[in-house]
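Worksheet: the structure to be examined is printed underneath.
Each value in this text was obtained by applying a stated rule to the coordinates, not by laboratory testing. Keep in mind the model is a prediction, meaning the values are calculated, not measured. When we count neighbours, we look across all protein chains shown, and the Cβ atoms used for this are built from the backbone with ideal geometry, even at glycine.
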Amino acid sequence: MNMLVDGEWRTDTYQATNEEGAFERGETTFRNWIAGSDVPEHIDAEPDERFEAEAGRYHLYVSYACPWAHRTLLVRALMGLEDAIDVSVVDPWRGDDGWQFTPEKEGCTPDKLHGSDYLRELYVEADPDATCRVTVPVLWDTKEETIVNNESREIIRMLTTGFREVGERDVDLAPESKQEEIDEIITEIYEPINNGVYRAGFATKQEPYEEAVTELFDALDHWNEVLADQRFLAGDKLTEADICMFTTLIRFDHVYHTHFMCNVQYIHQYEHLWPYLRDMYQQPGVADTVDIDHIKEHYYTTHPDVTPHGIIAKGPDIDFAAPHDRERLTNAATNPL
Ligand SMILES: N[C@@H](CCC(=O)N[C@@H](CS)C(=O)NCC(=O)O)C(=O)O
């Protein structure tokens, strides 16, 4: 795999699986916090006065294919931050040179700020000696000309809490009174579900694959039951926890099921997860953040170890826009947002 080492692009360094054949995700490197945002207890950081929350100042670099970047697009859409934070979209295909900008391709944009060819150029601009993977999402600050943060879980908390006054819609995706519960859920679903699909798909031995798949479907069964009686993961309101669940579920039937061999069951076969997924998809602005073509192209063509011929699987034909009837789980007066 490829990464930056002392600011140089190297294609011979990074091993994604360990000796036991299990996938190991690397740590992200830029971890500044927007001024005035709420830093969760498990994170050792302080809001930084250099980074004031302001409309027009910050920029997101994303891939529509990436579930981590998708979290940031969802928060941006649900809070009405589209005019305050602009977005550049990379090519869904990632080759030896890493993420690249190919504005001529459907759904992609140029690097609107710098006109770069590759995302790694931004990382080097932010830190000429950077030693790290070059990942999306990236929250870029046009004032300090640097990367604020490239860890999705942290970026969404900075947007939901630091940008409350900036968003055009009065939506609180991480109310203070709920943050502990939301953080617990996000942590609980990360290893078996969000990262679990990757652990299954990238395993190079039977045992770690089976361990990952078993944990994944146990966790999906568990949350399917939870969602029998409540509309969202933390109760009646849609929160960051649902955003973190959504970006894995929306990719599941089209890619994780087949490409990553998470094929015990489709999401559309679950009694409650499937209507829950449709409920989320039908919230205002959400459908516009979902690009199934980018998602499929990315996974099936970018992992030659997994799908060497780069053939994009055709199905399944499912309708995220079909009625879900989950309003019945809440009081009629409760707005989900
Ligand atoms: N922990 C990071 C993970 C981000 C991540 O791994 N993004 C993938 C795309 S889905 C990426 O950019 N991978 C490129 C690489 O690892 O070289 C986050 O949540 O933001």
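What to note about this one:
- The fraction of Cα-Cα pairs per 5 angstrom bin, counted from 0 for region 93-150, comes to 4, 17, 30, 28, 14, 6, 1 percent, rounded to whole percents.
- q = 0.25, 0.27 Å⁻¹: log10 I(q)/I(0) that the Debye formula gives for region 262-317, counting C-alpha atoms only: -1.07, -1.09
- Cα-based radius of gyration of region 176-329 once divided by 2.2 N^0.38 Å, which approximates compact folds: 1.04
- Between region 210-266 and region 186-207, the Cα center-to-center distance that results, in Å: 12 Å
- In region 3-162, Cα pairs under 8 Å separated by at least six residues give a relative contact order of 32 percent.
- All other residues whose Cβ lies under 13 angstrom from that of Asp129 are scored, Lys and Arg at +1 and Asp and Glu at -1, for a net of -4.
- Estimated [θ] at 222 nm from DSSP helical runs (n ≥ 4, -39500 (n - 2.57)) normalised by residues in the chain, nearest 500: -9000 deg cm²/dmol
- When the convex hull of its Cα atoms is projected in every direction, mean area for region 169-263 (nm²): 6.6 nm²
- Geometric extent, Cα atoms of the chain - Rg, Dmax (angstrom): 19.2, 57
- Convex hull volume of the Cα atoms of region 3-162, normalised per residue: 127 Å³.
- DSSP beta bridge pairing in the chain, given as percent antiparallel to the nearest 5: 75 percent
- Among Glu240, Glu104, Glu297, the largest mean-square fluctuation in a Gaussian network model of the chain, built with springs joining Cα atoms closer than 10 Å, belongs to Glu104.
- Charge context of Leu78, other residues only, Cβ under 12 angstrom, K/R +1, D/E -1: -3
- Residue among Arg31, Arg120, Arg199 with the largest mean-square fluctuation in a Gaussian network model of the chain, springs linking Cα atoms under 10 Å: Arg31
- Whole-Hz ³J(HN,Hα) from phi, Karplus 6.51 cos²θ - 1.76 cosθ + 1.60, for region 290-304, glycine and proline x: 9, 10, 4, 5, 4, 4, 5, 4, 4, 5, 6, 10, 9, 10, x
- Region 10-25 and region 111-173: distance between their alpha carbon centers, rounded to Å: 26 Å
- Candidates Thr146, Gly26, Trp68 compared by Cα position along the dipole of the chain: farthest toward the positive end lies Trp68, with charges placed on Cβ.
- Placing unit charges on each Cβ (+1 for Lys and Arg, -1 for Asp and Glu) gives region 176-329 a dipole about its Cα centre, and among Ala321, Ile185, Thr248 the Cα reaching farthest toward its positive end belongs to Ala321.
- Taking Cα centre as origin and charging only the Cβ of basic (Lys, Arg, +1) and acidic (Asp, Glu, -1) residues, the dipole magnitude of the chain rounds to 860 debye.
- Charged neighbours of Trp274, selected by a Cβ distance under 12 Å, balance to -3 (K, R count +1; D, E count -1).
- When +1 charges are put on Lys and Arg Cβ atoms and -1 charges on Asp and Glu Cβ atoms, the dipole computed for region 91-131 relative to its Cα centre reaches about 160 debye.
- Net charge dipole size for region 171-330 [Lys, Arg +1 and Asp, Glu -1 on Cβ; Debye, nearest 20]: 580 debye
- The order of Cys108, Cys262, going from fewest to most other C-beta atoms within 10 Å of their C-beta, is Cys108, Cys262.
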